[in-house]
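Participant: Please read through the structure below; I'll follow up with questions.
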Amino acid sequence: MKHFLSTDDIDSLPEWLKKGRTLAPGSGTPEQPGLGKTLCLLFFNNSLRTRLSTQKAARLLGLEVLVMNFGAEGWNLELEDGTIMDGGAAEHIAEAAAVVGQYADLIGVRAFAGLSDRTLDSAEGILHGFVKYAGVPILNMESATGHPLQALADALTIAETTKKTTPKVVLSWAPHPRALPQAVPNSFVRIMQRMPVDLVITHPKGYGLDANLVGAYEPVYDQKKALDGADYVYVKNWSSVQEYGRVLNRDPGWMMTAEKLGEAQFMHCLPVRRNMVVEDAVLDGPQSLVLKQAANRTLSAQLALTHLLDVQ
Amino acid sequence: MKHFLSTDDIDSLPEWLKKGRTLAPGSGTPEQPGLGKTLCLLFFNNSLRTRLSTQKAARLLGLEVLVMNFGAEGWNLELEDGTIMDGGAAEHIAEAAAVVGQYADLIGVRAFAGLSDRTLDSAEGILHGFVKYAGVPILNMESATGHPLQALADALTIAETTKKTTPKVVLSWAPHPRALPQAVPNSFVRIMQRMPVDLVITHPKGYGLDANLVGAYEPVYDQKKALDGADYVYVKNWSSVQEYGRVLNRDPGWMMTAEKLGEAQFMHCLPVRRNMVVEDAVLDGPQSLVLKQAANRTLSAQLALTHLLDVQ
Amino acid sequence: MKHFLSTDDIDSLPEWLKKGRTLAPGSGTPEQPGLGKTLCLLFFNNSLRTRLSTQKAARLLGLEVLVMNFGAEGWNLELEDGTIMDGGAAEHIAEAAAVVGQYADLIGVRAFAGLSDRTLDSAEGILHGFVKYAGVPILNMESATGHPLQALADALTIAETTKKTTPKVVLSWAPHPRALPQAVPNSFVRIMQRMPVDLVITHPKGYGLDANLVGAYEPVYDQKKALDGADYVYVKNWSSVQEYGRVLNRDPGWMMTAEKLGEAQFMHCLPVRRNMVVEDAVLDGPQSLVLKQAANRTLSAQLALTHLLDVQ
């Protein structure tokens, strides 16, 4: 069964990017392969862009959409097998997923990392529980370790705007007051590795990404050096993988500024903390691509859903 | 005015069960008697199956659907008449219900028992308040004392799977860490009394169901004896009616096991606590009907909504 | 760009009122100028009537609707410019609004007064932030200082029911246990000033409305005198403007009674606290227009949305 769990589920990235352009607003009447089918979106975590863009994309494809905030409107799920369920979890994911699969032809799941137990987060209990038990295709709307809809929107944004055959793309860590997951940088690195780009990753020591997820890479600890000659600078905070989920560094020297950005175009998945992650001048300037990235979330959701609907 | 408040609102159960089969997925293009009409679903309590299956059913019938979590998205309602509303309730149900009736052609209401005051719960203040004031047909999506959509799905499940003219159906109480309402067993017993089945009810002493709701019955306190020769075993916890809302018994000896189940088919309305109410081997085995029951929730909602839409 | 932020955005009130009558249920097949477009409703505060009637109106116009409870399903927004966002706000309204504008053709915003800082509330940070950054028309679903959809529904109600060319309309303050915003009375006064009515405003000393918002007016402190010969009595509590957000008076003598009402018709925007703001006999009697007001909320939303969709 097809799923869209990671960027690896994109069979041919060049074809997806090409098709993405044909879906842009104003490109003619869209096909509606979703007519008569139902997509259920399950949010285990809060969401703005994903919530709205995925619904928008689904309706454009003709899908009926059911939205549920699982924690607030439902109850806690048990993920472990074999336990005596006498605690806080009212239902096992085996039943919950299989039941939702009775009502929906496709299921979208958003479930973040807890950031306290690396093994637990890596297991992607909720996402993989739905894959295992739901019996229908699953759409990853950001999981503990990946955010492929965002990565695909980012790839669409670069493909759409680049003036070079092989632009230099820099992923640059930034400080943040809270501990954040690594889902976005993981998926961004993965998809960039399949793009005709020169990818450079810069972050402080102790912030290396998980090689099991993104492959081995040579980090550049000198941000200035990394940014030299950049065409795109993707800024993002994440918490430490090695000292799992901890904030080791809040050095404002890592914040992105107009001066550091130079001639490059600025990217961020949003939400972004102004003057902490990036200064106002960058976000408010003409080199910011953040709104185009957000707009492309509708296209990436259309692409992923179309892929899942395409059952021959 | 027609309502769907209890299984008593099913005029002819055999006809409903027969019609239910014609609605199953793949049975051809459904009629859409709801086109141009609006159903508003009001949740005073959390919900998974009811939330999704009722929306699904409504859209299949062509209804527009408005969903509202009344407590979280609205405010507390006053149910008493004549009070000075200077406390926590911002609106009287008289206005709230009549207002929703201005926007919706049908209203679904889910409002559980509080389990602290039996007289209050029996009065079904919220459900009956909507019946009294809304001016449109009301659909019971589980109230303090009944869950007729679940019972109808259960009846559909037995009708669809039975190989006998008069199968033996056993309702068997099970332990649970928390105090649960009696809505599901009440409605299950009521609908089984109208089915060609041999119904046996087994529970510990102190757990007798309300005779005003289900009629007088002879409980079997010996679970083993009750289960002998069963074709269907419906397992469910409920709290005491006599010592209202209290948990009197957590004896794990009442849990359903594969050994006890024998050749019978297993039923539960879900959510279910594994290895507390029923052991894994039963839920994961081929005799479990729980997913079919859940799938039939869409059919029971279609039947009830079609009934409410059928105004001649 | 067109917006619907206050009753001032109604270009010709007589024409809107006339058109409103043609939209009433049963007036023939409605036009669907919203087909192929999306309305996103953002709730920063709870809502019953506005939530349901605006969705209903939008679907009648053919709009797709996305609903989001911004606080519960998203996160806090930063409204200040130039701050270092190291606190509780995860996203600046500049990005949030612009992003929603990527997915929606129209945005509805509900954001109440905080009632602790008059200057802050007057600035209407959230509403005006969306106007400034979203890039699409904004619909005010009740802001800190105004509730134009309610005022328009009230005007429709008076226009539909009056038997006089110039009825006497009295806005009468009422006691309430909690501090409430002035949004409803502000907009009601503004729209009544454009209607062929004789408007009288009565409230205790200390409860004068903001002259910057409603213009200078001569309050009548003697409720009995104000009510003399009234055709419509609009009852509403609000907190003090001068001692901002404070409850100065809970005198039950200001409650509306059947005796005080006399022959007049009773109006209230709801929710209303019975026997605190108005006695049961009034709400339950034949002179109450509250349900007609609520029903007219669908019409006022249809009018406002049609206005915003009409881009030539």
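The values are calculated or read from the model by the stated rules, or taken from the named source; none is laboratory data. Predicted model only: the values in this text are computed from it and were never measured. Don't worry about glycine lacking a Cβ; one is built from the backbone with ideal geometry, like all the others, and counts go over all protein chains shown.
Participant: Which ones in region C:115-130 are more than 16 Å from C:Asn212 (Cβ to Cβ), among the hydrophobic types (A, V, I, L, M, F, W, C) and part of a helix (DSSP H, G or I)?
Facilitator: C:Ile126, C:Leu127, C:Phe130
Participant: Another question about this same structure. Counting only residues that are β-branched (Val, Ile, Thr) and either surrounded by fewer than 20 Cβ atoms within 10 Å (Cβ to Cβ) or away from chain A (no Cβ under 12 Å) (or both), how many does region B:283-312 have?
Facilitator: 2
Participant: Among the residues of region B:78-95, write down those that are over 24 Å from the mean Cα position of the chain (by Cα) and not in a loop (DSSP other than H, G, I, E, B).
Facilitator: If the condition is that a residue be over 24 Å from the mean Cα position of the chain (by Cα) and not in a loop (DSSP other than H, G, I, E, B), then B:Glu78, B:Glu91, B:His92, B:Ala94, B:Glu95 are the ones that fit.
Participant: Scan (1) polar (S, T, N, Q); (2) over 19 Å from the mean Cα position of the chain (by Cα); (3) away from every other protein chain (no Cβ under 13 Å) for the single condition C:Ser122 breaks and write down its number.
Facilitator: Only one criterion is unmet by C:Ser122, namely (2).
Participant: For region C:54-77, give me the residue count where each residue is in contact with a strand residue (DSSP E or B) (Cβ under 9 Å, 6 or more places away or on another chain), more than 7 Å from chain A (Cβ to nearest Cβ) and outside any helix (DSSP H, G or I).
Facilitator: 7
Participant: Scanning for something under 22 Å from A:Thr157 (Cβ atoms) and charged (D, E, K, R), does region A:289-310 turn up at least one residue?
Facilitator: Looking for residues that are under 22 Å from A:Thr157 (Cβ atoms) and charged (D, E, K, R), one finds at least one in region A:289-310, hence yes.
Participant: On to the next question. Scanning for something of a type in the set (A, V, I, L, M, F, W, C) and modelled with pLDDT under 95, does region A:41-55 turn up at least one residue?
Facilitator: no
Participant: Can you give me the ranges of the helices (runs of 4 or more DSSP H) entirely in region A:206-312 with at least 2 residues that are in the same structural domain as A:Pro25 (by TED's automatic domain parsing)?
Facilitator: Hits in region A:206-312: A:290-309.
Participant: Does C:Val272 count as within 10 Å of chain B (Cβ to nearest Cβ), within 17 Å of C:Asp154 (Cβ to Cβ) and among the aliphatic types (A, V, I, L, M)?
Facilitator: Considered against the rule, which asks whether it is within 10 Å of chain B (Cβ to nearest Cβ), within 17 Å of C:Asp154 (Cβ to Cβ) and among the aliphatic types (A, V, I, L, M), C:Val272 comes out as yes.
Participant: For B:Glu142, only one of the following conditions fails: (1) among the acidic types (Asp, Glu); (2) away from chain C (no Cβ under 14 Å); (3) buried (at least 20 other Cβ atoms within 10 Å of the Cβ); (4) on the phi < 0 side of the Ramachandran plot. What is its number?
Facilitator: Only one criterion in (1) among the acidic types (Asp, Glu); (2) away from chain C (no Cβ under 14 Å); (3) buried (at least 20 other Cβ atoms within 10 Å of the Cβ); (4) on the phi < 0 side of the Ramachandran plot is unmet by B:Glu142, namely (4).
Participant: Could you tell me whether B:Leu139 is touching a residue at least 60 places away in the same chain (Cβ under 8 Å), of a type outside the set (Val, Ile, Thr) and assigned to a strand (DSSP E or B)?
Facilitator: Yes.
Participant: While we're on this one: Can you find a residue in region B:75-98 that is out of contact with any helix residue (DSSP H, G or I) (no Cβ under 7 Å at 6 or more places or on another chain) and closer than 29 Å to A:His92 by Cβ?
Facilitator: The answer is no; no qualifying residue exists.
Participant: Okay, moving on. Please verify whether B:Ser47 is of a type in the set (Ser, Thr, Tyr), closer than 30 Å to B:Ala159 by Cβ, assigned to a loop (DSSP other than H, G, I, E, B) and more than 11 Å from every other protein chain (Cβ to nearest Cβ), treating the condition exactly as stated.
Facilitator: So B:Ser47 fails the test.
Participant: Could you list all residues from region C:45-76 that are within 14 Å of B:Ala72 (Cβ to Cβ) and among the aromatic types (Phe, Trp, Tyr)?
Facilitator: Once the filter is applied, which keeps residues that are within 14 Å of B:Ala72 (Cβ to Cβ) and among the aromatic types (Phe, Trp, Tyr), region C:45-76 yields only C:Phe70.
Participant: Among the residues of region C:62-79 satisfying the criterion of being in contact with a Gly (Cβ under 6 Å, 6 or more places away or on another chain) and surrounded by fewer than 21 Cβ atoms within 10 Å (Cβ to Cβ), which is farthest from C:Ala304 (Cα to Cα)?
Facilitator: Among those that are in contact with a Gly (Cβ under 6 Å, 6 or more places away or on another chain) and surrounded by fewer than 21 Cβ atoms within 10 Å (Cβ to Cβ), it is C:Asn76.
The rows are residues; the columns are (1) touching a residue at least 60 places away in the same chain (Cβ under 8 Å); (2) in a loop (DSSP other than H, G, I, E, B); (3) hydroxyl-bearing (Ser, Thr, Tyr).
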position	(1), (2), (3)
A:Ser143	yes, yes, yes
A:Ser172	yes, no, yes
A:Pro181	yes, yes, no
A:Ile191	yes, no, no
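Participant: Let me ask you something else. Filter region C:14-29 for residues that are touching a residue at least 60 places away in the same chain (Cβ under 8 Å) and surrounded by fewer than 17 Cβ atoms within 10 Å (Cβ to Cβ) and give the result.
Facilitator: Those that are touching a residue at least 60 places away in the same chain (Cβ under 8 Å) and surrounded by fewer than 17 Cβ atoms within 10 Å (Cβ to Cβ): C:Lys19, C:Arg21, C:Ala24.
Participant: Give region A:80-108 a look and list any residue that's more than 7 Å from every other protein chain (Cβ to nearest Cβ) and in contact with a Ser or Thr (Cβ under 7 Å, 6 or more places away or on another chain), or say none.
Facilitator: Across region A:80-108, the qualifying residues are A:Ala104, A:Asp105, A:Gly108.
Participant: Any idea which of C:Leu39, C:Leu52 is touching a residue at least 60 places away in the same chain (Cβ under 8 Å) and under 21 Å from C:Leu299 (Cβ atoms)?
Facilitator: Just one listed residue meets the conditions, C:Leu39.
Participant: Also, quick follow-up: Kindly list, by first and then second residue, each pair from a residue in region B:229-254 that is over 24 Å from A:Ile84 (Cβ atoms) to a residue that is basic (Lys, Arg) and outside any loop (DSSP other than H, G, I, E, B), limited to pairs with Cβ atoms under 8 Å and residues at least 6 apart or on different chains.
Facilitator: Pairs found: B:Gly229/B:Lys168; B:Ala230/B:Lys168; B:Asp231/B:Lys168; B:Tyr232/B:Lys168; B:Val241/B:Arg118; B:Tyr244/B:Arg118.
Participant: Any residue at all in region C:188-196 that is over 26 Å from C:Arg118 (Cα atoms) and touching a strand residue (DSSP E or B) at 6+ places or on another chain (Cβ under 7 Å)?
Facilitator: no
Participant: Looking at region C:48-56, is at least one residue hydrophobic (A, V, I, L, M, F, W, C), buried (at least 22 other Cβ atoms within 10 Å of the Cβ) and assigned by TED's automatic domain parsing to the domain that holds C:Leu303?
Facilitator: yes
Participant: Further, regarding this structure: Quick check: is even one residue across region B:9-30 assigned to a loop (DSSP other than H, G, I, E, B), under 17 Å from the mean Cα position of the chain (by Cα) and either at pLDDT 95 or above or closer than 30 Å to C:Leu48 by Cα (or both)?
Facilitator: Looking through region B:9-30, at least one residue is assigned to a loop (DSSP other than H, G, I, E, B), under 17 Å from the mean Cα position of the chain (by Cα) and either at pLDDT 95 or above or closer than 30 Å to C:Leu48 by Cα (or both).
Participant: B:Glu263 fails exactly one of the following numbered conditions: (1) buried (at least 21 other Cβ atoms within 10 Å of the Cβ); (2) free of Cβ contacts under 8 Å to residues at least 40 places away in the same chain; (3) away from chain A (no Cβ under 14 Å). What is the number of that condition?
Facilitator: The number of the failed condition is (1).
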